[in-house]
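For reference, the structure discussed in these notes is given below.
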Amino acid sequence: ESPAVVLAVSMSDGKTYDTIREKGVSVTATCKATITKKSYDVSKVQWTSGIIATESSVATTGGTFTRTLNVSSNVTITCKATDIKGLSGTGSKPLTFVNPIYLSYIDEPINNSTLTEDLITGGTKILKKKATFNQSIISDNKKVCFAYDSSYGNLTSIKDVNNGFENLGSFVQSTINITTANGTVVPYTVYLMDAPVTIYEADNFLYQLKW
């Protein structure tokens, strides 16, 4: 039987390791691997992926090993324990980082051609992977605007969840460059509502975005 590896990762931002984070915003991961001997003596403990390192001193029964890593983009942290017969056990934890989706509320008469980066990035950041999701909307006579990394592709639906209506046709699509947290300029796809709306908090209004 291979050595047992239990890997725990704690993050400096206080959130769980599997929280989706903003790409380019650095966070420290403290990685703790607990190795337990099974059939044969443990001979080597190695960190791979985000950390490339081999532990210099390993007890034959295993033990606890800790490493820290500053991360700001996708990485899978893996600890591998190998015994004297070459049998290996591993523990892995993936860390996910994305460019934010932005929800903004834009004043009339601003349209897609006059919309600026600051107006978009001044909105609410939504940290989600590309997947269908519902978003609550509260608007005081403004145009609803969604913007996201263009690598996601075009939306196929912006649905009024409350009433079951398709609203994609009420949005005008365009592209704008956004400077992301790591300093990279990324094309963003914009969907800006063609007319202002008022939606109150008490309405509990939801849009569903679908790619």
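The values are calculated or read from the model by the stated rules, or taken from the named source; none is laboratory data. Bear in mind the structure is a predicted one, so any value in this text is a computation, not a measurement. No Cβ is skipped: glycine too gets one built from the backbone with ideal geometry, and neighbour counts run over all protein chains shown. Protein only, heavy atoms only, side chains kept; ligands, DNA and RNA dropped before computing areas. Shrake-Rupley method; radii C 1.70, N 1.55, O 1.52, S 1.80 Å.
Protein heavy-atom accessible surface, 1.4 Å probe, per residue over the range 56-211: 50 Å². For every helix of n ≥ 4 consecutive DSSP H residues, a contribution of -39,500 (n - 2.57) applies; sum these over the chain, divide by its total residues, and give [θ] at 222 nm rounded to the nearest 500 deg cm²/dmol. Computed ellipticity for the chain at 222 nm equals -500 deg cm²/dmol. For the pair Ala59 and Thr16 in one chain, pulling the backbone fully straight at 0.36 nm per residue adds 12.5 nm over the alpha carbon distance. Other residues within the sphere of radius under 12 Å centred on the Cβ of Glu166, judged by their own Cβ, net out at +1 (K and R +1, D and E -1).
The phi-based Karplus calculation (6.51 cos²θ - 1.76 cosθ + 1.60; θ = phi - 60°) puts the 3J(HN,Hα) values of the range 165-182 at 8, 7, 10, 4, x, 8, 10, 9, 8, 7, 10, 9, 8, 10, 7, 7, 4, 8 Hz, whole numbers, x for Gly and Pro. With the simple model of a label 7 Å out from the Cα in the direction of the Cβ, Asn167 to Val6 spans 4.8 nm. Let me test this: with uniform point scatterers at the alpha carbons of the chain, what is the Debye-based log₁₀ I(q)/I(0) at q = 0.11, 0.16, 0.18 1/Å? Log10 I(q)/I(0), no solvent term: -0.66, -0.97, -1.14.
Keeping the other protein chains in place, figure out the carbon and sulfur percent of the accessible area of the chain, with a 1.4 Å probe.
Numbers: 4900 of 10610 Å².
With neighbouring chains kept in place, the figure for the chain is 46 percent.
Relative contact order for the range 57-167 using alpha-carbon pairs under 8 Å, separation at least 6, rounded to a whole percent?
On the way: 112 pairs, mean separation 24.7, N = 111.
Worked out over the range 57-167, it gives 22 percent.
Computed over the chain, relative contact order equals 20 percent, with contacts defined as Cα pairs under 8 Å that lie 6+ residues apart. Between Lys38 and Ser73, what is the FRET efficiency for a Förster distance of 35 Å, r being their Cβ-Cβ separation, to the nearest 0.05? It comes to 0.50.
If the limit is 32 Å between Cα atoms, which of Lys93/Lys142; Lys85/Lys128; Lys32/Lys130 go over it? It would help to have the intermediate numbers written out before the result.
Values: Lys93/Lys142 42 Å; Lys85/Lys128 43 Å; Lys32/Lys130 30 Å.
In this structure, Lys93/Lys142; Lys85/Lys128 exceed 32 Å between Cα atoms.
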